[in-house]
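Below: the structure, in structure tokens.
The values are calculated or read from the model by the stated rules, or taken from the named source; none is laboratory data. All values reported here derive from a predicted model rather than from experimental measurement. As a convention, Cβ positions derive from the backbone with ideal geometry for all residues, glycine included, and neighbour counts pool all protein chains shown. Each accessible area value is taken on the protein alone, full model and side chains, heavy atoms only, with ligands, DNA and RNA left out. Shrake-Rupley method; radii C 1.70, N 1.55, O 1.52, S 1.80 Å.
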Amino acid sequence: MEFDKIDVPDEGEPIEVIDEEADEFEVPDTPIIPILHGDGIGTDVGPAAQQVLEAAANATGRDIAWMRIYAGETAREMYDENLPEDTVNAIEEFRVAIKGPLTTPVGAGFRSLNVALRKTLDFYANVRPTYHLDGVPSPVSEPKQMDMVTFRENTEDVYAGIEWEAGTDEVEEVREFVEDDMGFDDTIHSGDVGIGVKPITEFGSKRLIRRAIDYALEHDRDSVTLVHKGNIMKFTEGQFRDWGYEVAQEEYGDEVITEDTLWEERDGEQPDDAVVVNDRIADNMLQQVLTRTDEYDVLATMNLNGDYISDACGAQIGGLGIAPGANFGDARCLAEPVHGSAPKYAGQDKVNPTAMILSGVLMFDYMGWGDAAQLVKDAVEETISSKQVTYDLERQIEGGEKLATSEFAEAVVENIEKLS
Ligand code: NAP
């Protein structure tokens, strides 16, 4: 494929897909991996993560041919647009990529580039594991109990961006349609109104929930919890829950049982190899992740709930500086930290690059580089345990040594070399 302003490295080879449906790849020893550093603190955490991931690849007998790609501010400078075709094409073509955060203006301005990327390339599952690393300070007394993986539907819900601005002709048309044609004549109050639409499809819900159940089975997890607000939004969030139970009951046989069956037929005793599917209302779930943390494993939910819940889970294991994530589609992965571009810290060589580094761990795991992934995880844990940390953790650790972003990355690289 020809790119306008992207340099494709000579030395690497692309990752080849063998079976798209089965997520099967042929990964060369020096794969070409597109990397987008991102806006704001992306300029700090991007290069730091790149350095650490490369060190782990080298320590396990491999290399990475990085290919810089651009969106947001850097793309505006180079291409005079926010999300160039080059970038979308590169991620599509090379299959596995990693990105830092991208700024989205609140209220006016362009729509989220993250959402655009996820939708355009059909990265339908945003996966956010939250687990505790030794030495990371936490506001809870038993942070090790937090070991959940949130599967967040990535292409639908209010994030689909179907909304109309107050005071426009369009919103008046929608209001008339809703009130007069659909008969909701007493629901929208008079005066200015902004209206949004929340699409939740059977297809989108089921493929996300399938992915969560498959993950739970493959990783020996006990349960998948469908998180929804179906008591209020019956035909969107309530349907998500019902479609979830349908997938569980119709597609997995004995491998999956529902919580009702568990109690009605087995007095709560879980079969060894089965995953239990249950559901919780979202507001209760935000309490449960704090009060009954160790009872939950894998969460499957819609876009907005997933965004809230994964941040709440992340708070227990060190906050946004630590929390990793990755977007998955069929035979494609775009790793990215949970955090945003934190503009007030941009370019200060200050923030924690761990979230982006651990997002790279998810990417390595997906590529079948489990040894490199484990090495990165161990080296990060070793660094933090020795109290060498960035500002966000140092302010919570007595006797901690405050490192800059780049110094922290160097310390992790040293530990990679020591541990390998
Ligand atoms: P944010 O950028 O995640 O920052 C919120 C706070 O989290 C920071 O002030 C800082 O807290 C802490 N934090 C975030 N990243 C950190 C790191 N690497 N190390 C240490 N602490 C870190 O959230 P925001 O301020 O709400 O959003 C800023 C912009 O990012 C917005 O334009 C938003 O749309 C965008 N965003 C992008 C993505 C994405 O690209 N996937 C995701 C979320 C938000 P303290 O100041 O308390 O230390």
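Worth a mention:
- For the chain, the share of accessible area belonging to carbon and sulfur comes to 44 percent (1.4 Å probe, ligands and nucleic acids excluded).
- Taking 0.36 nm per residue of separation and subtracting the current Cα-Cα distance, fully stretching the chain between Phe177 and Lys144 would add 6.7 nm.
- Charge dipole (debye, nearest 20) of region 218-374; +1 at Cβ of Lys and Arg, -1 at Cβ of Asp and Glu: 1280
- Charge dipole (debye, nearest 20) of region 45-86; +1 at Cβ of Lys and Arg, -1 at Cβ of Asp and Glu: 300
- In terms of distances greater than 26 angstrom between alpha carbons, the cross-link table entries Lys99/Lys344; Lys99/Lys119; Lys99/Lys229; Lys144/Lys234; Lys119/Lys350 yield Lys99/Lys229; Lys144/Lys234; Lys119/Lys350.
- Remark on the chain: Rg and Dmax equal 22.2, 70 Å (Cα only).
- Using a Förster distance of 45 Å, the FRET efficiency for Asp267-Val197 (Cβ separation, nearest 0.05): 0.55
- Based on C-alpha pairs under 8 angstrom that are at least 6 apart in sequence, the chain has a relative contact order of 22 percent.
- Alpha carbon centroid spacing (whole Å) that separates region 384-419 from region 99-162: 25
- Sorting 410-417, 333-340 by average packing, meaning the other beta carbons within 10 Å per residue, from highest down gives 333-340, 410-417.
- Net dipole in debye of region 175-265 [+1 Lys, Arg Cβ; -1 Asp, Glu Cβ; about Cα centre; nearest 20]: 420
- For region 73-115, the residues whose amide N sits under 14 Å from a probe point set 7 Å from the Cα of Glu2 along the beta carbon direction are 86.
- Prolate is the label for region 58-117. Its Cα gyration tensor axes, ordered a ≥ b ≥ c, give a/c of at least 1.5 and a/b above b/c.
- Long-range amide H partners of Gly325 with built H, under 5 Å: Glu336, Val338, Ser359
- One chain, two ends: Lys344 and Ala22. Fully extended at 0.36 nm per residue, the span grows by 111.7 nm beyond their Cα-Cα distance.
- Largest GNM mean-square fluctuation among Asp272, Asp222, Asp192, using the chain with Cα springs under 10 Å: Asp192.
- Highest to lowest packing among 256-263, 367-374, scored as the average C-beta count within 10 Å: 367-374, 256-263
- Within the chain, longest stretch free of exposed trypsin sites (Lys or Arg not before Pro) [DSSP loop, at most 14 other beta carbons within 10 Å]: 112-233
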